[in-house]
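The values are calculated or read from the model by the stated rules, or taken from the named source; none is laboratory data. What you see is a predicted model, and the numbers here were worked out from it, not measured in a lab. Cβ sites come from the backbone with ideal geometry, for glycine too, and all protein chains shown count toward neighbours. SASA here: full protein model, heavy atoms, side chains in, ligands and nucleic acids out. Shrake-Rupley method; radii C 1.70, N 1.55, O 1.52, S 1.80 Å.
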Amino acid sequence: MTKSLEDYLEKIYILRENLATIRLKDIAQEMDVSQPSVNQAIKELIKLDLIKHLPYGTIELTQSGMKEARAILKKHQSIKAFLMDGLGISEANAEKDACSMEHYLSQETLQHIQ
């Protein structure tokens with residue numbers, strides 16, 4: 001899965017905690033991207049069986065989508081906490097850096113961070 005798709009999946013997971021229903025426009029607004037960009041990502045996530053989406057309807061995570069999204073979010077949170085608590089990085093920079101680093105760290109490095 002590409003880092004972009006991981007970002008979309010993570011955002012859908014976070015949005016489902018706060019919204020009763022998730023629509024394309026919610027994701028576009030939250031990620032500050034166009035709806036056509038979201039639509040393309042949604043199509044790819046459907047192919048990977050990570051989400052379900054009815055045309056003009058709501059977006060839901062599948063079981064495998066939930067599992068994958070939880071893992072991505074946990075990795076993100078672990079890296080962010082390490083940067084802030086372990087290295088004293090500001091929250092704003094830790095968030096931005098964690099977002100980038102989560103896509104490239106090996107499992108070994110992540111385990112040591114955790």
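Here is a yes/no grid of residues against (1) of a type in the set (A, V, I, L, M, F, W, C); (2) part of a helix (DSSP H, G or I); (3) in contact with a helix residue (DSSP H, G or I) (Cβ under 6 Å, 6 or more places away or on another chain); (4) open to solvent by less than 50 Å² (accessible area, probe 1.4 Å):
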residue	(1), (2), (3), (4)
Ile12	yes, yes, no, yes
Arg16	no, yes, no, no
Ala20	yes, no, no, no
Ala41	yes, yes, yes, yes
Gly57	no, no, no, yes
Gly88	no, no, no, no
Thr109	no, yes, no, no
Task: Filter result (assigned to a helix (DSSP H, G or I) and without any contact (Cβ under 8 Å) to a residue 24 or more places away in the chain) within region 90-107 - done: Glu91, Ala92, Asn93, Ala94, Glu95, Lys96, Asp97, Ala98, Ser100, Met101, Gln107
Task: The one condition in (1) at pLDDT 95 or above; (2) surrounded by 15 or more Cβ atoms within 10 Å (Cβ to Cβ); (3) in a helix (DSSP H, G or I) that Lys67 fails to fulfil - done: (2)
- [ ] Give the residues of region 44-91 that are farther than 17 Å from Asp7 by Cβ and touching a Ser or Thr at 6+ places or on another chain (Cβ under 7 Å), sorted by residue number.
- [x] Asp49, Lys52, Thr58
TODO: Take region 92-104 and flag every residue that is surrounded by 15 or more Cβ atoms within 10 Å (Cβ to Cβ) and farther than 15 Å from Asp7 by Cα.
DONE: Ala94
Task: Unmet requirement for Leu73, which otherwise passes all of (1) part of a helix (DSSP H, G or I); (2) at positive phi - done: (2)
Task: Members of region 5-36 found to be at pLDDT 95 or above and among the hydroxyl-bearing types (Ser, Thr, Tyr), listed by number - done: Tyr8, Tyr13, Ser34
Open item on the list: Return the pair list, or none, for Cβ contacts closer than 7 Å from residues in region 9-24 that are of a type outside the set (A, V, I, L, M) to residues that are open to solvent by less than 90 Å² (accessible area, probe 1.4 Å) and assigned to a loop (DSSP other than H, G, I, E, B), at least 6 apart or on different chains.
Closed with: Arg16/Ile22; Thr21/Thr58; Arg23/Thr58
